[in-house]
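Asks: Below are the structure tokens for one structure; questions will follow.
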Amino acid sequence: QVQLVESGGGLVQAGGSLRLSCAASGRAFSGYTMAWFRQAPGKERDFVGGITWSGGWTYYADSVKGRFTISRDRAETMVYLQMNSLNAEDTAVYYCAARRGSRWTEVVYEYEYWGQGTQVTVSS
């Protein structure tokens, strides 16, 4: 059974950085796409970025492009989200997600597996 466990959230000042981790287990992820989403209070869950497990190709939402970087460690089956130049609008619960297939999609329901989320709060 696939399990995704996020960690690394917390409180950070505006302009600061934070790195989130997602520990993936339960199967081999070759051929999968991993992604990060976020959900602010009272808002829908939004796509942040994704990475293909095999090739490491990345794709980002316009709102985070140039500030956030996704990477993965295939040996450790970890996915990371490095977040720089954080601002108050980045405050949200961040979720790790996985789907079969090497195609990016921003659509929430196309992801089959989800972590429990980790809170990121940016103080201004």
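Asks: Among what's in the stretch 44-66 and is charged (D, E, K, R) and assigned to a loop (DSSP other than H, G, I, E, B), pick the residue that is nearest to THR91 (Cα to Cα).
Replies: Looking at residues that are charged (D, E, K, R) and assigned to a loop (DSSP other than H, G, I, E, B), I get GLU44.
Asks: I've got another one for you. Going residue by residue through the stretch 68-91, is there one that turns out to be modelled with pLDDT of 95 or more and in contact with a Cys (Cβ under 6 Å, 6 or more places away or on another chain)?
Replies: Yes, there is a match, as at least one residue in the stretch 68-91 is modelled with pLDDT of 95 or more and in contact with a Cys (Cβ under 6 Å, 6 or more places away or on another chain).
Asks: Restricting attention to the stretch 67-77, which residues are in a strand (DSSP E or B), open to solvent by 40 Å² or more (accessible area, probe 1.4 Å) and not charged (D, E, K, R)?
Replies: So in the stretch 67-77, the residues in a strand (DSSP E or B) come out as 68-73.
Right, trim to open to solvent by 40 Å² or more (accessible area, probe 1.4 Å) and you get 69, 71-73.
THR69, SER71, listed by residue number.
Asks: Scanning the stretch 47-70 for residues that are among the aliphatic types (A, V, I, L, M) and in contact with a Lys or Arg (Cβ under 7 Å, 6 or more places away or on another chain), which turns out nearest to TRP36 (Cα to Cα)?
Replies: Filtering the stretch 47-70 for residues that are among the aliphatic types (A, V, I, L, M) and in contact with a Lys or Arg (Cβ under 7 Å, 6 or more places away or on another chain), the one nearest to TRP36 (Cα to Cα) comes out as VAL48.
Asks: Could you tell me whether the stretch 114-122 includes any residue that is assigned to a loop (DSSP other than H, G, I, E, B), without any contact (Cβ under 8 Å) to a residue 40 or more places away in the chain, closer than 20 Å to VAL12 by Cβ and out of contact with any helix residue (DSSP H, G or I) (no Cβ under 7 Å at 6 or more places or on another chain)?
Replies: no
Asks: Is it fair to say GLY15 is exposed (fewer than 14 other Cβ atoms within 10 Å of the Cβ), in a loop (DSSP other than H, G, I, E, B) and touching a residue at least 60 places away in the same chain (Cβ under 8 Å)? Give the steps one after another, and end with the answer.
Replies: Working: exposed (fewer than 14 other Cβ atoms within 10 Å of the Cβ): yes; in a loop (DSSP other than H, G, I, E, B): yes; touching a residue at least 60 places away in the same chain (Cβ under 8 Å): yes.
Spelling it out, GLY15 is indeed exposed (fewer than 14 other Cβ atoms within 10 Å of the Cβ), in a loop (DSSP other than H, G, I, E, B) and touching a residue at least 60 places away in the same chain (Cβ under 8 Å).
Asks: Another question, if that's okay. Go through the stretch 29-41 and report how many residues are modelled with pLDDT of 95 or more and either in a loop (DSSP other than H, G, I, E, B) or farther than 18 Å from ARG99 by Cβ (or both).
Replies: 1
Asks: Please work out which residue is most open to solvent (accessible area, probe 1.4 Å), limiting yourself to the stretch 18-28 and to residues that are in a strand (DSSP E or B) and over 14 Å from TYR95 (Cα atoms).
Replies: We begin by selecting, within the stretch 18-28, every residue in a strand (DSSP E or B); these are 18-25.
Keeping just the survivors that are over 14 Å from TYR95 (Cα atoms) gives 18, 25.
Working: LEU18: 32, SER25: 52 Å².
Here the residue is SER25.
Asks: Can you name the residue in the stretch 105-124 that is over 15 Å from SER21 (Cβ atoms) and polar (S, T, N, Q) and, of all such residues, is surrounded by the fewest Cβ atoms within 10 Å (Cβ to Cβ)?
Replies: SER124
Asks: With within 19 Å of LEU18 (Cα to Cα) and not polar (S, T, N, Q) as the only criterion, which of ALA75, ALA98, ALA92 stands out? Talk me through it step by step, then tell me what you get.
Replies: Values: ALA75 fails: within 19 Å of LEU18 (Cα to Cα); ALA98 fails: within 19 Å of LEU18 (Cα to Cα).
Exactly one residue qualifies, and that residue is ALA92.
The values are calculated or read from the model by the stated rules, or taken from the named source; none is laboratory data. What you are looking at is a predicted structure, and each value in this text was computed from that prediction instead of being measured. Cβ sites come from the backbone with ideal geometry, for glycine too, and all protein chains shown count toward neighbours. Note: accessible area is taken over every heavy atom of the protein model, side chains too, but ligands, DNA and RNA are not part of it. Shrake-Rupley method; radii C 1.70, N 1.55, O 1.52, S 1.80 Å.
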